[in-house]
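What follows is a set of notes on a single structure, which appears directly below.
The values are calculated or read from the model by the stated rules, or taken from the named source; none is laboratory data. Model, not experiment: these values are computed from the prediction. Every residue, glycine among them, receives a Cβ derived from its backbone with ideal geometry; neighbour counts consider all protein chains shown.
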Amino acid sequence: MGLDYHLQNAFIAFITPPGVFVLLFFAAALYVKKYKKFFLVTALVFYALSTYFVGNILVKPIETPYNVPLVEEKVDGVVVLGGGHYPGSANLSVGEGSFKRLVYSIMLSKKYDLPLIFAGANEELKAARSTIRELNHTLDLNLSNHSNNRIEDHFSIIYTKNSVNTIQNAMRSIDFFKSANIENPKIYLVTSATHMKRAKAVFEDFEFTVIPAATDFRTRSDSCYCFYYPSIEGLALSYHAMHEALGAFRDYIKRFL
C-alpha cells in the first residue's frame, strides 16, 4: 500500500469522531487565552486512548493469561455470561460479544455433553433464547434439548432468573448446582477474555471451581500504521480496560457490603 493510501486513511481518521475531537481540543489549546495546558493535556490523553496502539497495550495484559488452549477436565457443566443485546434486531439479537460467548459455550456443551447455564439479565435471556431458536431452525443443530430448569447429566440448556451483574450471575448459577446436590461445582466459565479475570474471582467466591473458557478476544498481535490513528475501535479497547478496572473495584467493595 502506498503513502497516499495511508495519508487518506489518516485524513479520514482525523475528520471523523473521535479524531475530530482531538483536533478540536488541540485547536482550543492554540487559541484560548486560559486553560491552554488543560486543553493540550486533554487532547493528548484523548488521542492516546483513542488509538488501537494504546488500547492494545491496556487490554493485552488482561486477555493474555486466557488466550490459551482450553484445559480439558471433567466438569459439572458450562456457565456462559450474557454480554448485551440489540432490541429490535430482525435476527441474532444477542450482542456482538455475547454471540461469540453463546456459540462457544454451545460448542463446549455439545462436545462434552454437558448442561449449559446461560446467566444474564431478562432481555439478554430473551435474546439468547431467540438466537438459539434461529440457529437450531436454520442450521439444524439439535439445540432444542432444554431442561426444566434443573441440572442434567447431559447436554441441556438452562436459563437463570434475571441477573444484572457478575455477582448475580454467580449467585443464580450456584442455585442450580445446589438443587442437584452438587457442592463446589467445577465448571467451564465462558465470557469475554477482558471480563474473565473478574468473573473467575467472583464465581470462586461462590464456591465454584472455575476452568476459564475465554472467547471474544479483542487484541491483536500484528501492527500497522492504522494503530496510531484515532478510531472508535481503539477508544472501545481503552474503554474495556477501564471498565474492567472499575468493575473489579466495584465487585471488591460489594463483597464487604
*From 13, 27, grab the single residue that is of a type in the set (Gly, Ala, Ser) and either assigned by TED's automatic domain parsing to the domain that holds residue 172 or touching a Pro at 6+ places or on another chain (Cβ under 6 Å) (or both).*
13
*What is the number of the single condition among (1) closer than 18 Å to residue 94 by Cβ; (2) in contact with a helix residue (DSSP H, G or I) (Cβ under 7 Å, 6 or more places away or on another chain); (3) surrounded by fewer than 14 Cβ atoms within 10 Å (Cβ to Cβ) that residue 164 does not meet?*
(2)
*With 71, 78, 32 as the choices, which residue is modelled with pLDDT under 95, β-branched (Val, Ile, Thr) and closer than 30 Å to residue 160 by Cα?*
71
*asked:* Every residue in the range 1-16 that is among the hydrophobic types (A, V, I, L, M, F, W, C), surrounded by fewer than 18 Cβ atoms within 10 Å (Cβ to Cβ) and assigned to a helix (DSSP H, G or I), please.
replied: 3, 7, 10, 11, 12, 14, 15
*From (1) over 21 Å from residue 149 (Cα atoms); (2) assigned to a helix (DSSP H, G or I), pick out the condition that doesn't hold for residue 107.*
(1)
*asked:* Report every pair of residues separated by at least 6 positions or lying on different chains whose Cβ atoms are under 6 Å apart, first residue within the range 43-61 and closer than 16 Å to residue 14 by Cβ, second of a type in the set (Phe, Trp, Tyr).
replied: 43/25; 43/26; 51/228; 52/227; 53/227; 53/228
*Which of the following residues is over 21 Å from residue 163 (Cα atoms), surrounded by fewer than 16 Cβ atoms within 10 Å (Cβ to Cβ) and small (Gly, Ala, Ser): 231, 223, 238?*
223
*Any chance the range 144-156 includes a residue that's at pLDDT below 90, outside any loop (DSSP other than H, G, I, E, B) and not hydroxyl-bearing (Ser, Thr, Tyr)?*
yes
*If you go through the range 17-40, how many residues are in a helix (DSSP H, G or I) and either over 30 Å from the mean Cα position of the chain (by Cα) or at positive phi (or both)?*
14
*If we scan the range 228-235, do we find a residue that is closer than 20 Å to residue 64 by Cβ and modelled with pLDDT of 90 or more?*
yes
*Give me the pairs: first residue in the range 98-119 and at positive phi, second residue surrounded by fewer than 18 Cβ atoms within 10 Å (Cβ to Cβ) and not in a strand (DSSP E or B), beta-carbon distance under 8 Å, and six or more apart or on different chains, which are they?*
113/154
*What is the residue count in the range 45-76 for residues that are surrounded by fewer than 17 Cβ atoms within 10 Å (Cβ to Cβ) and polar (S, T, N, Q)?*
2
_Residue check for residue 117: among the aliphatic types (A, V, I, L, M) and either modelled with pLDDT under 90 or in contact with a Ser or Thr (Cβ under 9 Å, 6 or more places away or on another chain) (or both)_ = yes
*the range 226-257, residues that are of a type in the set (Gly, Ala, Ser) and in a helix (DSSP H, G or I)*: 234, 236, 238, 241, 245, 247, 248
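Whether any residue in the range 117-132 is in a loop (DSSP other than H, G, I, E, B), exposed (fewer than 14 other Cβ atoms within 10 Å of the Cβ) and assigned by TED's automatic domain parsing to the domain that holds residue 168 is what I want to check.
Here is the first cut: in the range 117-132, the ones in a loop (DSSP other than H, G, I, E, B) are 120-121.
Next, from what is left, pick out any that are exposed (fewer than 14 other Cβ atoms within 10 Å of the Cβ): none.
Within the range 117-132, not a single residue is in a loop (DSSP other than H, G, I, E, B), exposed (fewer than 14 other Cβ atoms within 10 Å of the Cβ) and assigned by TED's automatic domain parsing to the domain that holds residue 168.
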_Need the failing condition index for residue 79 against (1) crowded, with 20+ Cβ neighbours inside 10 Å; (2) out of contact with any strand residue (DSSP E or B) (no Cβ under 7 Å at 6 or more places or on another chain), just the number._
(2)
